[in-house]
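Okay, structure first, notes after.
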Amino acid sequence: VPMKDSGIAWLGEVPAHWSIFPIKWATSSIEQGWSPQCESHPVDSPDEWGVMKVGCVNGGIFDPAENKKLPAELEPVPAYALKRGDLLVSRANTRDLVGSAAVVPEDHPNLLLCDKLYRMRTDHNICEPRFVAAFLGTPQARSQIELQATGASSSMLNIGQSTILDMPLPLPPISEQIEILSWLESQVLKLDETRARVEHAICLLKERRGALISAAVTGQVDVRGLS
């Protein structure tokens, strides 16, 4: 397609028919959660209340198992319960993980937003939250997030709401966003399948290597004359 200069050095060119707006233009709300002192283990059932850990968005995929059980003596805050379509962004983490983003795929009435996560909700008529999450995972966006992250310790850096909200977002029409997301999912699935096959092959090769070493050092293989 015809391209145009975005006017932003780190973003470069984008398709001519795309718009460029700050992420806040497509955001209807943003908030932080609650981080009480919790148990060291996750919830065992949907009947128990849990508070999400910041690592639940690592890798751009929401992991509901990354939670800590809320102690029975603490009253939960249902307003922080996670809902389908919530865009979660880590506001505090290591440099390579701060700003990680993922979308909650289904309601989790018993899992609560923590203080180290931003919950963003977008106008679905304008912008798919999954598109924003995918954009925040690009090298271009990551470079800006890491540049603006602050903190005294490299093991725990922080970003303010403005780091995300003011970031320019190249935005295609909503129908094209859905097409792009569908294509990305199919490509990621292929990569995951390839990775699984490679990891299986590596395991088999390690087993074969161990068997050969064992056979050689126990005299089961005659190696005389092979040098």
Please enumerate the residues belonging to region 105-126 that are among the basic types (Lys, Arg) and open to solvent by 10 Å² or more (accessible area, probe 1.4 Å).
116, 121
What are the residue pairs meeting all of these: first residue in region 66-89, first residue over 12 Å from residue 32 (Cα atoms) and at pLDDT below 95, second residue open to solvent by less than 50 Å² (accessible area, probe 1.4 Å) and among the polar types (S, T, N, Q), Cβ atoms under 7 Å, and 6 or more apart or on different chains?
none
Just the residues that are assigned to a helix (DSSP H, G or I), open to solvent by less than 50 Å² (accessible area, probe 1.4 Å) and hydrophobic (A, V, I, L, M, F, W, C), please, taken from region 127-168.
131, 132, 133, 134, 135, 136, 141, 145, 164, 165
Qualifying positions in region 166-205 - among the acidic types (Asp, Glu) and in contact with a strand residue (DSSP E or B) (Cβ under 6 Å, 6 or more places away or on another chain):
166
Identify the single condition in (1) open to solvent by less than 50 Å² (accessible area, probe 1.4 Å); (2) touching a residue at least 24 places away in the same chain (Cβ under 8 Å); (3) not aromatic (Phe, Trp, Tyr); (4) not in a strand (DSSP E or B) that residue 58 does not satisfy, given that it satisfies every other one.
(1)
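The values are calculated or read from the model by the stated rules, or taken from the named source; none is laboratory data. Predicted model only: the values in this text are computed from it and were never measured. Positions of Cβ are generated from backbone atoms using ideal geometry, with glycine treated the same way; all protein chains shown enter the neighbour counts. Please note that ligands, DNA and RNA were not included when accessible areas were found on the heavy atoms of the full protein model with its side chains. Shrake-Rupley method; radii C 1.70, N 1.55, O 1.52, S 1.80 Å.
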